[in-house]
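Read through the structure below, which is laid out as structure tokens, and then see the notes.
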Amino acid sequence: MNDRLRAKPHIIAPAVAAALLFAGTANHAAPTDAPPAPSSTGRTAAPRDTEASSDRAITNEVRSRLSATRGVDPAKIRVSTTDGVVRLEGTVRDDAQRASLVEMTREVRGVTAVSDELKARTD
């Protein structure tokens, strides 16, 4: 038998082991999605931006957007942020305005969840 065609176990065994190792990991890659934010009554979860702003910057941005929203009295709404969770407290005109403000808050960079504690006026 030709020596060049004869299998050399000390060369082939590591190559086979490496091929099996890489073949086995191709379909089982680690997930890249962020873990879901904790949820509780009144919160809406969203993945946190990897370059999230500080809580103070988030609060300032939400307050700025509240001030720029027509028909909203920012003095009647308290905004606080802890670990990316924005808490909105106060009184708004109606449920439609409440939903609009919660959605606007969710869109702020760095917000992980919104704790909606707004109450619609009952004039």
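Tabulated results
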read-out: Number of the exception - VAL79 against (1) assigned to a helix (DSSP H, G or I); (2) modelled with pLDDT of 95 or more; (3) within 16 Å of GLU117 (Cα to Cα); value: (1)
read-out: Residue identified as at pLDDT below 90 and assigned to a loop (DSSP other than H, G, I, E, B) among ARG48, ARG70; value: ARG48
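The values are calculated or read from the model by the stated rules, or taken from the named source; none is laboratory data. Just so you know, these numbers come straight off a predicted model, no measurement behind them.
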